[in-house]
Amino acid sequence: MRVFMILLLAGASAFAFSFEGYAQMNVVSDSINYGEGLHNWGQGGFRMNGGNWDILLNADRVKSGEGAVVPRFYRNHLETHLESRITFGGFTVNPEVQYDIDIDSADVVLPLSLGEGYRNSALRPGLSLAYSLPGVFEVNGTGRYWKKDVTALDSDVDDTEWTEMSYGGDVLWHTPIGGYLAVGGISHQTKLDGFDYDRNWSRVDFSAGYKPVNFPTRTFVTAEAEYSLYTGEDYTGLALPNRFTAKLRAVQNVAGNVMFNITFSQAADFYEDETRFGPFQSAIRSQYKFSGWGNVPSSIMIGGQLTESAITTRLGELEGRISLYSGLSALITGKLWYGPSSVAGTGGYRTREIIGGGLEFRMNNGLNTFVIYEREASNLAPNDVWGKIRGGVGFYAARF
């Protein structure tokens, strides 16, 4: 009897798992396109976890409209993503597959100005393998394959398969002094059946870094540098340059509820006959957390970002959630954005100013509902100002 109980407990432990599910729906409409905004009619999924393995399934139904004033990428599809992860010893196996069904066929632009078309479906299987000896080294390998069924327009080729394959890996060594050294590579191929299009490129990366470096007063700094050797051509047919990238990140925790996060990144591109500065990016984000008056945590985030390369973008934003009573919270949002524009009459760049507010209610069983109104202004003619209403309902972390 004792032996039977031991075997029963062992079997129960081996097959014990937890199950979590979630679901949500979001609808966005604005006064420019009169209901032709983004409609995420349903998104849901589940996760099963058994200790050294887990299975994740996501599915969503998305529809976005298009209008004459603000062109939008039209899409109406059902997307499913199934992923699992198994760990044993220091090994991790991560197979996954994604399948998209385009209900109204999504607009696509073919490479090298070969025209436009409609995507009918897409399949993307993938597999990742990893081995880790904690604190010593890590080995990773991954492969992805995309297959898109495309109907071409304005071409003698009606139906074509747009296939892409990518595979690569890396090895990382944790040095005794706390830093790391890594080398890796990736290879990518893109083909269009029926067209004379077959592009290949590959990259080898050499990187080093130190993270994190702890300083007094709750501060740590992360520094990384990477040099990438490229072969092949981009989608326009131009040779890819080698690139050097340096990154620096600093996080300052002033107190348990106040944090500052600063990031800098600069790249340099090396062509055969010249060297150019690549993209530069800087960002700062501060967050303040407090209890508020309800039972949902409150927070206020203020951030800014600047990116410069062939184009320049600037972004300043404010987001807040203030707990009012029980699970009811007030939402605050504000953004100031400057960047490139394809809309006629804006001079190549335009600004956007967004300010809004709303309410959110979270129940103890995981139900979450929200509605928020935003007022957006932009240098578009003739509509300079318009309103937008966003709302949704979700059910998160439902345990069974």
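Observations, loosely collected:
- Of Val171, Val204, all but one fail to be surrounded by fewer than 16 Cβ atoms within 10 Å (Cβ to Cβ) and among the aliphatic types (A, V, I, L, M); the exception is Val171.
- Residue identified as of a type in the set (Phe, Trp, Tyr) and surrounded by fewer than 14 Cβ atoms within 10 Å (Cβ to Cβ) among Phe244, Phe270, Phe290, Phe280: Phe290
- In region 294-311, the residues that are of a type outside the set (S, T, N, Q) and surrounded by 14 or more Cβ atoms within 10 Å (Cβ to Cβ): Gly294, Val296, Ile300, Met301, Ile302, Gly303, Gly304, Leu306, Glu308
- Verdict on Ile372 being more than 30 Å from Ala246 (Cα to Cα), without any contact (Cβ under 8 Å) to a residue 40 or more places away in the chain and over 21 Å from the mean Cα position of the chain (by Cα): no
- Hey, Leu315 over 28 Å from the mean Cα position of the chain (by Cα), assigned by TED's automatic domain parsing to the domain that holds Met25 and surrounded by 15 or more Cβ atoms within 10 Å (Cβ to Cβ) or not: no
Here's the yes/no breakdown for (1) at pLDDT below 90; (2) touching a Pro at 6+ places or on another chain (Cβ under 6 Å); (3) surrounded by 15 or more Cβ atoms within 10 Å (Cβ to Cβ):
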| position | (1), (2), (3) |
| --- | --- |
| Glu319 | no, no, yes |
| Tyr325 | no, no, no |
| Lys335 | no, no, yes |
| Ser341 | yes, no, yes |
| Thr351 | yes, no, no |
| Ile354 | no, no, yes |
| Ala377 | yes, no, no |
| Ala381 | yes, no, no |
| Asp384 | yes, no, no |
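- Selection count, region 212-233, where residues are farther than 23 Å from Gly141 by Cβ and surrounded by fewer than 16 Cβ atoms within 10 Å (Cβ to Cβ): 12
- When Phe195, Phe215, Phe206 are checked against the criterion of being of a type outside the set (A, V, I, L, M) and in contact (Cβ under 8 Å) with a residue 40 or more places away in the chain, Phe195 stands alone in meeting it.
- Candidates Gly209, Gly169 - the one that is over 22 Å from Thr142 (Cα atoms), part of a strand (DSSP E or B) and not charged (D, E, K, R): Gly209
- Test for Val139: is it more than 19 Å from Arg119 (Cβ to Cβ), within 27 Å of the chain's Cα centre (by Cα) and loosely packed, with under 15 Cβ neighbours inside 10 Å: no
The values are calculated or read from the model by the stated rules, or taken from the named source; none is laboratory data. Just so it is clear, the structure is predicted and the values come from calculations on it, not from any experiment. Ideal geometry is used to build each Cβ from the backbone, glycine not excepted, and the neighbour counts take in all protein chains shown.
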